[in-house]
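The values are calculated or read from the model by the stated rules, or taken from the named source; none is laboratory data. Owing to the predicted nature of the structure, the values given are computational and were not obtained by experimental measurement. Cβ atoms come from the backbone with ideal geometry, glycine included; neighbour counts cover every protein chain shown.
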């Protein structure tokens, strides 16, 4: 099962830490650029550039109100990532189960002994 070009744009959109932080901020609620700049402590130019990429991937929607534009998360495309990750969930669970079994079969480590008091040398 191969991914489509739109899937790739979603994967590429979340590849950047700044864009993931924007997604996290927008998951809380709708915000304008000034609010996002303050929340993320990055430049207005950087926020605008990253929002453009997120909009192209279908992850962000916008509306105008007066002289402000408000951005909101459109989370549906993130479902594509969840579907892709779920294909590997069973494999990861088998690996973790095998690791748990190995750890259960290991003999317990001996308790560390209490440090002994040092004897003073007499002059």
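Structure above, values below:
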read-out: Segment 78-91 residues that are modelled with pLDDT under 90, paired with ones that are part of a helix (DSSP H, G or I) and surrounded by 10 or more Cβ atoms within 10 Å (Cβ to Cβ) (beta carbon under 6 Å, 6 or more apart); value: 80/7; 80/10
read-out: Number of the exception - residue 111 against (1) part of a helix (DSSP H, G or I); (2) exposed (fewer than 10 other Cβ atoms within 10 Å of the Cβ); (3) over 21 Å from the mean Cα position of the chain (by Cα); value: (1)
read-out: Considering residues of segment 56-77 that are out of contact with any strand residue (DSSP E or B) (no Cβ under 8 Å at 6 or more places or on another chain), free of Cβ contacts under 8 Å to residues at least 40 places away in the same chain and in a loop (DSSP other than H, G, I, E, B) only, the residue surrounded by the most Cβ atoms within 10 Å (Cβ to Cβ); value: 76
read-out: Segment 20-55 - residue that is surrounded by 13 or more Cβ atoms within 10 Å (Cβ to Cβ) and in contact (Cβ under 8 Å) with a residue 40 or more places away in the chain and, of those, farthest from residue 78 (Cα to Cα); value: 31
